[in-house]
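Undergrad: The structure under discussion is supplied below as structure tokens; questions concerning it will follow.
Read-outs throughout are calculated quantities, based only on the coordinates presented, and are distinct from any laboratory measurement. Because the structure is a prediction, the values reported are computed rather than measured. Here Cβ is always computed from backbone atoms with ideal geometry, including for glycine, and neighbour counts include all displayed protein chains.
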Amino acid sequence: MATDRKTSGPGGKPTSGQRANASARRILLVGDKPVFAALRQSLLHTGESKVLGATSGGEGLRVALTALPDVILLDAELPDLDGVEVCRRLRADPLTEAIPVILFVNGSKPQLNQNALEASAAASVPIGIDTARLLNMIQMVLTMRLSRRAAARA
């Protein structure tokens, strides 16, 4: 799953690490619950995204650092590091600090929503969110991110 971070070779030519389709979004799913497998299928079905996957927090951090996705969908409850800690580590690294993170939380644990905000997640959503709503949220988060980047350059 690792991808070369270098974006151009000699003469500005694309390297093997660049996306074949510049308009495709890279989405990293980090979670070991069945909902993430179903979500992966839904995202692949749209054909507009390259979907990367990880089943633990440590693996998610490694993939995020090598692939530099456009957005990360992260389970709050992972087998090794919890999602809030993964989000904090992403924010602490200059390479990943600007990647929006959508944190999936268990609705019966309201403290996770507060922790998600403290870790600077772009959003927190219930683990059973409707796929259509989630796709809209991903688009909204990506659009907000692009707007901020464009405004910073202006």
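Undergrad: Residues with amide H under 5 Å of residue 52's amide H, sequence separation 5 or more or different chain, H placed in the peptide plane at 1.01 Å from N; which?
TA: Residues meeting the criterion, in which the H sits 1.01 Å from N, are 27, 28, 29.
Undergrad: Moving on. With θ taken as phi - 60° and the coefficients 6.51, -1.76 and 1.60, list the Karplus ³J(HN,Hα) couplings across segment 135-143 in order, rounded to whole Hz; mark glycine and proline as x.
TA: 4, 5, 5, 4, 4, 5, 5, 5, 5
Undergrad: What do you get for trypsin sites (Lys or Arg not before Pro) in segment 42-94 restricted to DSSP loop and a cutoff of at most 14 other Cβ within 10 Å of the site's Cβ?
TA: Within segment 42-94, no trypsin sites (Lys or Arg not before Pro) qualify (loop, at most 14 other Cβ atoms within 10 Å).
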